[in-house]
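What follows is a short report on a single structure.
The values are calculated or read from the model by the stated rules, or taken from the named source; none is laboratory data. Note that the structure is a prediction, hence the values are computed from the model and not measured. Neighbour counts are summed over all protein chains in view; Cβ atoms, including those assigned to glycine, are modelled from backbone coordinates with ideal geometry.
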2 protein chains.
Amino acid sequence: MNKKIQFGLYTAAAGLALFAVALLGSGKNIFAQMSGGLGSSLEAIIKARELSPDDVEAALKTFVPPGSYDEYYMFASGGQAGNVEVFGVPSMRLMKNIPIFSEDSWQGYGIGDNETKKLFAQGKAAGMTQTWGDVHHPALSVTKGMYDGQFLFANDKANGRIGVVDLRDFHVKQIVKNPLIATNHCGAKLTENSEYYVEGSQFGTPLPYTKFVPLERYKEEYRGLVTFWPFNRAEGKLEQSKTFTIELPPYYQDLGGMGKQVSNGWVFINTYNAEMATPDDLKGKPPMEIAASQREMDYLHIINWKRAEELLAKGQLKYNRISGMRVVPIAEAVAKGILYQAAEPKSPHGSDVTPDGRFITVSGKLDPHVTIFSFDKIQKAIAAKNFEGKDEFGIPVLRFKDVVEAQVEVGLGPLHTEYDDKGYAYTSMFLDSSINKWSLDKPAGGEKPWTLLQSLPVHYNTGHLVVAGGDTIKPYGKYLVTLNKWSLDRALPVGPLHPQNLQLIDISGPTMKLLSDTPVVGEPHYAVMIKADKLKPWKAYPEVGYSALERKASATLTLPGKERVERNGKDVHVFMTAQRSHFTPDRIDLNQGERVHLHITNIERAEDATHGFALSSHNINLSIDPGATVDVDFTVDRSGVFPFYCSEFCSALHMEMMGYLTVKK
Amino acid sequence: MNKKIQFGLYTAAAGLALFAVALLGSGKNIFAQMSGGLGSSLEAIIKARELSPDDVEAALKTFVPPGSYDEYYMFASGGQAGNVEVFGVPSMRLMKNIPIFSEDSWQGYGIGDNETKKLFAQGKAAGMTQTWGDVHHPALSVTKGMYDGQFLFANDKANGRIGVVDLRDFHVKQIVKNPLIATNHCGAKLTENSEYYVEGSQFGTPLPYTKFVPLERYKEEYRGLVTFWPFNRAEGKLEQSKTFTIELPPYYQDLGGMGKQVSNGWVFINTYNAEMATPDDLKGKPPMEIAASQREMDYLHIINWKRAEELLAKGQLKYNRISGMRVVPIAEAVAKGILYQAAEPKSPHGSDVTPDGRFITVSGKLDPHVTIFSFDKIQKAIAAKNFEGKDEFGIPVLRFKDVVEAQVEVGLGPLHTEYDDKGYAYTSMFLDSSINKWSLDKPAGGEKPWTLLQSLPVHYNTGHLVVAGGDTIKPYGKYLVTLNKWSLDRALPVGPLHPQNLQLIDISGPTMKLLSDTPVVGEPHYAVMIKADKLKPWKAYPEVGYSALERKASATLTLPGKERVERNGKDVHVFMTAQRSHFTPDRIDLNQGERVHLHITNIERAEDATHGFALSSHNINLSIDPGATVDVDFTVDRSGVFPFYCSEFCSALHMEMMGYLTVKK
């Protein structure tokens, strides 16, 4: 391990002196010829800002000049902010918020428009509208195991939901709710060609969770599950009617690793709380954090989903219909060779399949090793029916020693592992607060296999990490971002609640180098990083009058010259256009008690010519991208004079882009 | 004007070659001794990333090394995102979102908790809850004309509201709604010691706007206004019962400049649409953007609020009570020498008082000059009763030539002016897309007064700008940020809706230099920038069991060991504590139809030990800072098993910080 590059060990003062000498040398005169004396001013800046040589290097590696583009997009979950945030890498600038489960009035999401109302209706949990979500694991659609830049998926842990985002317009197209479970976790994982989105439950509940069963019957009647959601790529939608679900024990399902290449067709899902502890502290039960951490080993579910799919297609797999979902009982899954388990070390989190699909790295947070399971050995043990026994639910348990390829002692709190393009693995160390690099079986640098190579200190409590393309079959490498949970003294204080913090690390060389800190809004729980050139977002909608949700021309589009008000009893339909800098019509006179239906088409074709539509006192703000038609309807139940105006800056006469909606008593 | 520093004119290729030569010179060997060969790697980075010398300079000026702090906080409105965003300068990193009018589930704002419910109830418009706002002008509290770092104010243009934020915890403490007006605009301006928050209307409406009056009676019955909200600093609240309001003509009131020092006691409010145009395009009326831009001159309202305050205190100012507000009619304000006007050039936006209070710069977007009014001349003209006449409402109009000190031809689309510490002014040029620097009467560099000195091209459609401390009596200078409206090709595309874009400019030297681009989420409409050391945010609440909204110990606090469930008929009160990594109680068994009241106290004293409380399927997510007590209550109307868990990462056993709420049918 190169001690020199370790964070905090570098003597900035000494380095600065040397650096200043360098700049004061013969280079100075040459600097002086440049840009009105850049050389000396450069030196003055470095001195004044107390930058160390490492700082200078990091500044030059991360600065993206005005108007230049970042090399990668990073999609990071916003956690309980209910969104996904889009960053540019290496600048780490926040480019976009994608609201999924939470409202975002900037983009008109959830503030009156009918499209969000439809999405929020799809996403009801136990019959109740939810205006937030807890996004844990964003995932990108893949083709042949590589990001194709078409769709983004995100799960809502709090309510067991999944959102689908089209990356042409960065809009949500669908929210689905798993009716069986309260919470999900190992979501946001796609099979090799995005055939399925794989959703695992988290906290055990009755199936469905809307059925009351007392906690005393936890082992008997509470369960976990994994649901396979077919993805219809042409429609951009998950198909609930075609899902299938495998019932699982009421251990808490955690992250899942998707098989790749040789292991395609399989999924490997961690669990914790194999103890099946349940809470009741006021009655003297031990705290969950202790009761659920008693055992040395938990279980890795090993699931052959391809076989389940095939047997289902042939009608050879029994299932029960529960809440409309096809649920394969544990016993049936075991009987048909679909479900196995292996013991895995304590309180695992990451279950991460290597790019070639040959190995699964499991990180047990309370074990100082990462444990590398061999897919080949798993297959052989299954073929030989070489089990050490069964768990309480009758699931065969493979012998640990038979299926483990290696264990690497990495330190305290290994949590999540991703891979680069050169045969190395990177594990976030939750307790050690470091990123640890180790070799797979064939590292490009020829190091010893399965060996810890470097530990780079990062700051407090790193959770997940992301390597560019790190969960594809051919990672890009180059950058790694660690998603740290506490920020404390890392940035200016902003009240009791500090931002969490991303740290960008350069992994292009033989040793990792820390580049920068980025405080973030929300909880960036997990992230994926894709090359920028893979995305081709729309600059305007394909045609004027487009419905973003329906992905086709809207039934209510209005073309220029066709603006009108149609009255049908108490229903008043206003067909409106928006164009710099005018709404037509710009006056709407109504009588109290009427129901108004606004159908607004942005008839612009120019890039970035988005218009807003804000209506005072009605909790309505729309964002209408060029070409889009947006609808909103409401009953005018209060009299008065209500201005509306364009809320998205559009032109020099933006301030005049307004009108009045009046309501006569 | 130094052409060399103009954006886009620098030949990057030539510069790069020179720079590489400099690095390849004798400095190389010295570089080689540092940090494992920094010198050569530095050169390689500059080459590989195609950085020009200007880029290198900008990188070094803006990079804030990991763990280091920014020098300034910038508070930027989020526009229709309904929030204020906190940036660090010069890194331009987004440090925090302050949700004000919009929900933010990350911080538990608006997602179930009773405190937000109270705030949202305060902020009802025309009786309806609004879950968004359009924040235009954030303002910082001032003492003797300087930012004191205590409070932040923000207006909601869409609904005529104001939010008050305490900068100790960055939480909103109050939302007030002006019952008279639908929309406001010249908000967010404080008098010299924060005695008043001054709110101007925007679009003309009847007073109150909830009274229906047809648009045909616009001149007769529609009006504007300015309301003076006394600020009780000890309570951190605006006092609605003590406000007073001056009725104004139904021109559209725009921005207002607060008097300072010599002009303290006065406010200068721009207007546009002096034409009093009203819309009705379907009936053939001309578009508002044309009808409202006919006249060459609009009116600057010149208001002596100090005199109004004094006369009111003596009972010598007549007012009407409308919707509970004290409204001084135009005629009374004129009769008592409170209200004057001056003609001002076309469609003005910024009305910006110089730090010494002697001048007011007005920027008419459709006039190529900035017009500098002299407070002294205004006073003399008023004393001499030297008016050119009166407007349609009887307000005396001062002669333009009598009150104007200078006009500086700056170019197309001047919009907003701020000042530095050296006698210079900076005006954003909306149409020219530049920041133009010009001299006041006594520039430190000895240049000719009232003269354009430099035009720095920035990109598309700069709106407002901010200089550090730029609206205080003693600006800090050093940095300027321009808030650009369109971003187009400035950053990676993210769907039809591009982010808007901030550009950071170094104004410390004799010429301005562009440093960096920062795409932003939401619309950063306006910003204020304060030295970082002025803020002293809390790291934990002063005592365990603190109510953030009440700013004192909560009546429902729960201390460790006192956790309990109290039943009173159908009301179930749960007194809960949260501490790493446990909720007590962690099991809540209820019967359908009961009303549960959760009172949760975070008993942590450690910095950043915030806990979340997410309850599945109930649209509840709370963020409970160390020491805080948060309450939520709801009726359990659906049976089932609902896990709750800590949604703010807190420890290695965060995943186990959970419990169950069960509801029996």
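Things worth noting here:
- Test: residue in the stretch A:278-290 that is within 29 Å of the chain's Cα centre (by Cα) and surrounded by fewer than 19 Cβ atoms within 10 Å (Cβ to Cβ): no
Yes/no matrix, rows are residues, columns are (1) in a strand (DSSP E or B); (2) touching a Ser or Thr at 6+ places or on another chain (Cβ under 9 Å); (3) under 29 Å from A:His611 (Cβ atoms); (4) not assigned by TED's automatic domain parsing to the domain that holds A:Thr556:
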position: A:Gly67; (1), (2), (3), (4): no, no, yes, yes
position: A:Val84; (1), (2), (3), (4): yes, yes, yes, yes
position: A:Gly88; (1), (2), (3), (4): yes, no, yes, yes
position: A:Asn97; (1), (2), (3), (4): yes, no, yes, yes
position: A:Ser102; (1), (2), (3), (4): no, yes, yes, yes
position: A:Ile111; (1), (2), (3), (4): no, yes, yes, yes
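- Residue in the stretch B:160-168 that is buried (at least 24 other Cβ atoms within 10 Å of the Cβ), more than 30 Å from B:Arg223 (Cα to Cα) and not β-branched (Val, Ile, Thr) present: yes
- Candidates in the stretch A:219-271 are the residues that are of a type in the set (Lys, Arg) and in a strand (DSSP E or B); of these, the one that is surrounded by the fewest Cβ atoms within 10 Å (Cβ to Cβ) is A:Lys237.
- The condition of being among the polar types (S, T, N, Q), in the same structural domain as A:Gln202 (by TED's automatic domain parsing) and in contact with a Pro (Cβ under 7 Å, 6 or more places away or on another chain) holds for only one of A:Ser363, A:Ser351, A:Ser347, that being A:Ser363.
- In the set (1) part of a strand (DSSP E or B); (2) at the interface with another protein chain (Cβ under 10 Å from one of its Cβ atoms); (3) surrounded by fewer than 24 Cβ atoms within 10 Å (Cβ to Cβ), B:Tyr73 fails one condition alone, (3).
- Selected residue (criterion: farthest from A:Met655 (Cα to Cα)) from residues of the stretch B:282-297 that are hydrophobic (A, V, I, L, M, F, W, C) and outside any loop (DSSP other than H, G, I, E, B): B:Leu282
- Single match in A:Lys562, A:Lys539 (criterion: among the basic types (Lys, Arg), out of contact with any strand residue (DSSP E or B) (no Cβ under 9 Å at 6 or more places or on another chain) and outside the structural domain of A:Val466 (by TED's automatic domain parsing)): A:Lys539
- Exactly one residue out of A:Gly324, A:Gly350, A:Gly389 is of a type in the set (Gly, Ala, Ser) and crowded, with 16+ Cβ neighbours inside 10 Å: that is A:Gly350.
- Flag if B:Gly445 is part of a loop (DSSP other than H, G, I, E, B), in the same structural domain as B:Tyr526 (by TED's automatic domain parsing) and more than 18 Å from B:Asp254 (Cα to Cα): yes
- Any chance A:Glu199 is of a type outside the set (Gly, Ala, Ser) and out of contact with any strand residue (DSSP E or B) (no Cβ under 7 Å at 6 or more places or on another chain): no
So that you can scan it fast, the table gives a plain yes or no per residue for (1) surrounded by fewer than 24 Cβ atoms within 10 Å (Cβ to Cβ); (2) more than 16 Å from B:Pro524 (Cα to Cα); (3) without any contact (Cβ under 8 Å) to a residue 24 or more places away in the chain:
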residue: B:Glu409; (1), (2), (3): yes, yes, no
residue: B:Pro414; (1), (2), (3): no, yes, no
residue: B:Trp438; (1), (2), (3): no, yes, no
residue: B:Glu447; (1), (2), (3): yes, yes, yes
residue: B:Ser455; (1), (2), (3): yes, yes, no
residue: B:Asn461; (1), (2), (3): no, no, no
residue: B:Leu465; (1), (2), (3): no, no, no
residue: B:Val481; (1), (2), (3): no, no, no
residue: B:Asn484; (1), (2), (3): no, no, no
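- Taken over the stretch B:356-379, the criterion of being of a type in the set (D, E, K, R) and either touching a Leu at 6+ places or on another chain (Cβ under 7 Å) or within 20 Å of B:Gln253 (Cα to Cα) (or both) is satisfied by B:Lys365, B:Asp367.
- Residue within the stretch A:295-318 that is under 26 Å from B:Leu590 (Cβ atoms), surrounded by 17 or more Cβ atoms within 10 Å (Cβ to Cβ) and assigned by TED's automatic domain parsing to the domain that holds A:Ile382 present: no
- Only a single item in (1) out of contact with any Pro (no Cβ under 8 Å at 6 or more places or on another chain); (2) farther than 27 Å from B:Thr243 by Cα is not met by B:Val327, and it is number (2).
- Test result for B:Gly82, in contact with a Phe, Trp or Tyr (Cβ under 9 Å, 6 or more places away or on another chain), within 11 Å of chain A (Cβ to nearest Cβ) and among the small types (Gly, Ala, Ser): yes
- Qualifying positions in the stretch B:142-175 - in contact with an Asp or Glu (Cβ under 9 Å, 6 or more places away or on another chain) and of a type in the set (Val, Ile, Thr): B:Val142, B:Thr143, B:Ile162, B:Val172, B:Ile175
- Subset of the stretch A:503-532 [more than 10 Å from chain B (Cβ to nearest Cβ) and farther than 25 Å from A:Gly423 by Cβ]: A:Pro524
- In the stretch A:85-109, the residues that are out of contact with any Phe, Trp or Tyr (no Cβ under 7 Å at 6 or more places or on another chain) and either hydrophobic (A, V, I, L, M, F, W, C) or closer than 30 Å to A:Lys211 by Cβ (or both): A:Phe87, A:Met92, A:Ile100, A:Trp106
- A single entry from B:Lys474, B:Lys485 fulfils the requirement of being charged (D, E, K, R), within 22 Å of the chain's Cα centre (by Cα) and facing chain A (nearest Cβ under 7 Å): B:Lys485.
- The condition (being within 11 Å of chain B (Cβ to nearest Cβ), closer than 30 Å to A:Val596 by Cβ and more than 18 Å from the chain's Cα centre (by Cα)) is satisfied by just one residue among A:Gln122, A:Gln130: A:Gln130.
- Lone unmet requirement of (1) in contact with a helix residue (DSSP H, G or I) (Cβ under 9 Å, 6 or more places away or on another chain); (2) facing chain B (nearest Cβ under 8 Å) for A:Ile98: (2)
To keep it simple, each residue is scored yes or no on (1) touching a Leu at 6+ places or on another chain (Cβ under 8 Å); (2) of a type in the set (A, V, I, L, M); (3) not assigned by TED's automatic domain parsing to the domain that holds A:Asp517.
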position	(1), (2), (3)
A:Ser434	yes, no, no
A:Thr451	no, no, no
A:Ser455	no, no, no
A:His464	yes, no, no
A:Gly469	no, no, no
A:Lys474	no, no, no
A:Val481	yes, yes, no
A:Arg490	no, no, no
